[in-house]
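Report on one structure; see the data block that follows.
Bear in mind these aren't lab numbers, they're just calculated from the coordinates by the rules spelled out. As the structure is a prediction and not an experimental result, all values here were calculated from the model. Glycine also receives a Cβ, built like all others from the backbone with ideal geometry; neighbour counts cover every protein chain displayed.
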Amino acid sequence: MWKRFRRRQPTSRLDGAAPSAEQAVLLRALQDLAGTARGVVYDVPRETRPWARDGTPVFVDGSPAWQRYLRARRSVDDGQLTMLLSHRQLGDDERRLAVDWGTSYANSFLLVEPRDERCDLSDPRSAIAIELEELCRPLTKSAAGEDSSPRNRWTAQTPLGERLRELYGRWVYWDAPLPAGHTTEVPLVLSGANDTLSTQLLAELYVRFPQQSFDAALVELRLRERELFGGPVAQARSAFKTRLGLPILHDPRAVDRAVRQLVNMGKMSVVTGFPQHRTFGADHQVPEDLPEDEFERLLMN
């Protein structure tokens, strides 16, 4: 599923050609570092990075490398949590373009950058890129015989894997809805070969976005944008998948539980479909034993 790892022509090169043996090993090592089956590599070089046209946030100019990245990102823009693993640290403007521009589910993309500001794997002339190429070289022969399954993180036990854990990672997210929100940078420390960016990131998501954060955000949305609350309960999740700065939906049921709380407080109501047509709200709380998969299908009023 990793775009840049599994493509018709996997590449991090600007000319679109197939990667060298060393580049292929490095791409596999980055996938093993991530530790997840879903992801996109942001490999746009600094000198060809995208930029917004003056006077408008709608139109963006970019290089062929940027366009290839957009195609790769578009193919996994389906609302599931997906890692964006950057080859280098980005400025705030480029971060927003990489995550938000042209996406349907911007808040489902998790941007992870190198911790080391000297790391720029998009520039093959950089000192760290050259160092990693040297670490890749002795692994090129063994790569062909290794199980290609994502479960076999064979590069994690190598000096290459160890060096990547030193260089990565830093998770970047927006701390409040835009335009008021600013980026927050969270270090993800990988201490051993069994550690991955995804496991560290998931732990941070639960700490930074507990149930209470969804409860509070839903109250604000209900007050400001009542039109969002129509259709099935599960539809209330949509804003949390699309809008940067809202709590990141690591648990889809978190929004459902926030809706249930508002209903039981009498702040909104939900109804069953026909033929029962039963209403839950101020006078009739949702039964505690109503299963979550049934509650998500109730209709919001």
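A simple rule links phi to the HN-Hα coupling: the Karplus curve 6.51 cos²θ - 1.76 cosθ + 1.60 with θ = phi - 60°, which for segment 217-224 gives 5, 5, 4, 5, 4, 4, 6, 8 Hz, with x for Gly and Pro. Amide H contacts of residue 171 (H built 1.01 Å from N, in plane; Pro and chain starts excluded): 113, 186, 188 sit under 5 Å, all sequence-distant by 5 or more or on other chains.
Taken one residue at a time, the phi angles of segment 100-109 give Karplus couplings (6.51, -1.76, 1.60, θ = phi - 60°) of 9, 6, x, 9, 8, 10, 4, 7, 9, 9 Hz. Gly and Pro are set to x.
Between 0 and 90 degrees, the angle of helix 127-136 with respect to the longest Cα principal axis of the chain falls at about 80 degrees.
Taking the Cβ of each residue in 113, 227, 133 as the centre, tally the other Cβ atoms inside 10 Å and list the residues starting with the fewest. List each step's numbers first, then the result.
Numbers: 113 23, 227 6, 133 17.
Ascending number of Cβ neighbours within 10 Å: 227, 133, 113.
Taking every C-alpha pair closer than 8 Å and separated by at least 6 residues, the mean separation divided by the residue count of segment 21-205 gives a relative contact order of 25 percent. Here residue 140 and residue 51 are evaluated by their C-beta separation; at R0 = 35 Å the FRET efficiency comes out at 0.45.
Mean-square fluctuations from a GNM of the chain, with a 10 angstrom spring cutoff on Cα atoms, peak among 246, 178, 223 at 223. The label-point distance for residue 238 and residue 71, in a model that sets each label 7 Å from Cα toward Cβ, rounds to 3.0 nm. The GluC sites (Glu not before Pro) of segment 158-196 include none that meets both criteria, a DSSP state outside H, G, I, E and B (loop) and at most 15 other C-beta atoms within 10 angstrom of the site's C-beta.
Computed about the Cα centre, the dipole magnitude for segment 66-189 is approximately 360 debye when only Lys and Arg (+1) and Asp and Glu (-1) carry charge, each at its Cβ.
Estimated from the Cβ-Cβ distance and a Förster radius of 25 angstrom, the FRET efficiency linking residue 227 and residue 182 is about 0.35. Taken along its three principal axes, the alpha carbon spread of the chain comes to 70, 47, 32 Å, from the longest extent down to the shortest.
Of the two radii for segment 94-248, the radius of gyration is 1.07 times the Kirkwood radius, both from the alpha carbons; that is the Rg over Rh value. Residues whose amide H comes within less than 5 Å of that of residue 110, counting only those at least five positions distant or on another chain, are 82, 83, 84 (H built at 1.01 Å from N in the peptide plane). When shorter helices are ignored and each DSSP H run of at least 4 residues is given -39500 (n - 2.57), the per-residue value for the chain at 222 nm works out to -10000 deg cm²/dmol.
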